[in-house]
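A short write-up of the structure that comes next.
No lab work stands behind these numbers, since they all come straight from the coordinates. From a predicted model like this one, the values you see are computed outputs, not experimental measurements. Neighbour counts are summed over all protein chains in view; Cβ atoms, including those assigned to glycine, are modelled from backbone coordinates with ideal geometry.
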Amino acid sequence: MKNLLVLLLTSSFVLFTACDNDDDSVEIIDSSRPTGELVVSRSGDFVTQNGTPTQGNAALGTDEDGTNFLRFSNDFMTELGTGTVSIYLSTSDTFMPDPGNGNPDLMVVGAVSGNGEAFYRIDGGVDSKYTHIILWCGTANIPFGNAPLQ
């Protein structure tokens, strides 16, 4: 029993000291932010739907590394108290799920992470057929807003 106690104390001490890192030279890279300037190709202002307080601007662009991003402006705001608000690229201002065909008119981007400026990395290219950004609340089963891209 003594050996087990000594082993546990030693293990705890080793684990504790192994987590202590005084090296401040570690650089944390946020992969959800563009590298350098974001060159905007299309953008649009959000239109409120279903009485939600949605506002702000959405912009599609490419950074210096050629990575595609969706950017929400500093004044972006929507209702976040109902659950997850999903972000979609869409071929129209209407959310039209078509799971049987792999949703050819929608491309999920992610979930709204909060109000204010935000960047959402889009892997691969953005087809020009997508003309709108739609904010969809699955909990309420309604759109909170859309932004026509021009």
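For this structure, a couple of remarks:
- Across segment 55-60, computed HN-Hα scalar couplings (Karplus, 6.51 cos²θ - 1.76 cosθ + 1.60, θ = phi - 60°) run 7, x, 10, 10, 9, 9 Hz from first to last residue, x flagging Gly and Pro.
- Taking the Cα atoms of segment 39-148, the ratio Rg/Rh between the radius of gyration and the Kirkwood radius comes to 0.94.
- Charge tally around Lys129: other residues with Cβ under 13 Å, Lys/Arg +1 each, Asp/Glu -1 each, net -1.
- Under a 5 Å amide H cut-off, with hydrogens placed 1.01 Å from N, Gly110 pairs with Ile87 among residues at least 5 apart or on other chains.
- For segment 133-145, 3J(HN,Hα) per residue [Karplus equation, 6.51 cos²θ - 1.76 cosθ + 1.60, θ = phi - 60°, Hz, x = Gly/Pro]: 9, 10, 9, 10, 9, x, 4, 8, 6, 9, x, 9, x
- Positive minus negative residues near Asn115 (Lys, Arg vs Asp, Glu; Cβ under 10 Å): -3
- Ordering of 56-64, 35-43 by burial proxy (mean other Cβ atoms within 10 Å per residue, highest first): 56-64, 35-43
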